[in-house]
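Reviewing the structure listed below.
Since every read-out is calculated from the coordinates, none of them should be taken as a lab result. Just so it is clear, the structure is predicted and the values come from calculations on it, not from any experiment. All Cβ positions, glycine included, derive from the backbone under ideal geometry; neighbour counts span all protein chains shown.
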Amino acid sequence: GQNIDQPTEMTATEGAIVQINCTYQTSGFNGLFWYQQHAGEAPTFLSYNVLDGLEEKGRFSSFLSRSKGYSYLLLKELQMKDSASYLCAVYPPAGNNRKLIWGLGTSLAVNP
Amino acid sequence: GAVVSQHPSWVICKSGTSVKIECRSLDFQATTMFWYRQFPKQSLMLMATSNEGSKATYEQGVEKDKFLINHASLTLSTLTVTSAHPEDSSFYICSAPAQGGAYEQYFGPGTRLTVT
């Protein structure tokens, strides 16, 4: 079966660092996405990992271990505007009509 | 990046009426588009895959006769909620995959549907 797990909620303090984990069990793998979604808005793209390792992009970094079926999103120097839901999604192999498999999202609250 | 638009951004309709939501890829062609529904404080739920020139593929549990999808051109897909009921009130979002070798999906801004 297809399964993606993320924590439901997390809380952190402004200026701190937070790590949001995602584990997946899917029939095939062709990359993993992280999206950010503010309430009432559509998701916005944060990162895409297809090879093992850490990808850094400003305050946000994403890590992937394919052998462990594990990824994390690291947010540094947290700001209040980072309060949002963070969605992990896996891209199965081509031939699946490019349909993403979504986790349920992690709601992050950043407190002053 | 590529732009996907949706229209309307919000709509209020009476129970029993039908509502059409449009999803357009503005600067690229999309042979495939995805329609999602999202209830408050819940994750995205894929409803169906819209395929240009052929029938849509619906996810399990989604009524194809209630949620009509038409993908008449390479830049437009429409979702019609027929005989809407209050429980259909939700946030509907479309997305289209990037072209070529890229894997990103571009999301429309969403349509907030309220059925009274």
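Taking the criterion of being farther than 25 Å from A:V90 by Cα and in a strand (DSSP E or B), would at least one residue in region B:22-41 satisfy it? Looking through region B:22-41, at least one residue is farther than 25 Å from A:V90 by Cα and in a strand (DSSP E or B).
The condition of being assigned to a loop (DSSP other than H, G, I, E, B) and either closer than 20 Å to B:F39 by Cβ or touching a residue at least 40 places away in the same chain (Cβ under 8 Å) (or both) holds for only one of B:A84, B:A96, that being B:A84.
Just one of (1) in a strand (DSSP E or B); (2) touching a residue at least 60 places away in the same chain (Cβ under 8 Å) fails for B:S77. It is (2). For first residues located in region B:29-49 and facing another protein chain (nearest Cβ under 9 Å) and at positive phi, partners that are outside any strand (DSSP E or B) and aromatic (F, W, Y) and lie 6+ apart or on another chain with Cβ distances below 8 Å do not occur. Taken over region A:76-93, the criterion of being surrounded by 23 or more Cβ atoms within 10 Å (Cβ to Cβ) and touching an Asp or Glu at 6+ places or on another chain (Cβ under 7 Å) is satisfied by no residue. Number of residues in region B:83-116 that are within 11 Å of chain A (Cβ to nearest Cβ) and under 15 Å from B:F67 (Cα atoms): the value is 5.
I want to confirm something. Restricting to region A:60-95 and keeping residues that are assigned to a loop (DSSP other than H, G, I, E, B) and in contact (Cβ under 8 Å) with a residue 60 or more places away in the chain, which single residue is farthest from the chain's Cα centre (by Cα)?
Our first condition is that a residue be assigned to a loop (DSSP other than H, G, I, E, B); within region A:60-95, this holds for A:66-69, A:76-79, A:83, A:91-95.
Those left that are additionally in contact (Cβ under 8 Å) with a residue 60 or more places away in the chain: A:77-79, A:91-94.
Numbers: A:E77: 17, A:L78: 16, A:Q79: 18, A:Y91: 13, A:P92: 16, A:P93: 19, A:A94: 21 Å.
Among them, the one singled out is A:A94.
Out of all the residues in region A:59-68, is one or more out of contact with any Cys (no Cβ under 8 Å at 6 or more places or on another chain) and under 16 Å from B:S43 (Cα atoms)?
First, pick out the residues of region A:59-68 that are out of contact with any Cys (no Cβ under 8 Å at 6 or more places or on another chain): A:59-68.
Filter once more, keeping what is under 16 Å from B:S43 (Cα atoms): none.
Checked against the condition, which is being out of contact with any Cys (no Cβ under 8 Å at 6 or more places or on another chain) and under 16 Å from B:S43 (Cα atoms), region A:59-68 yields no hits at all.
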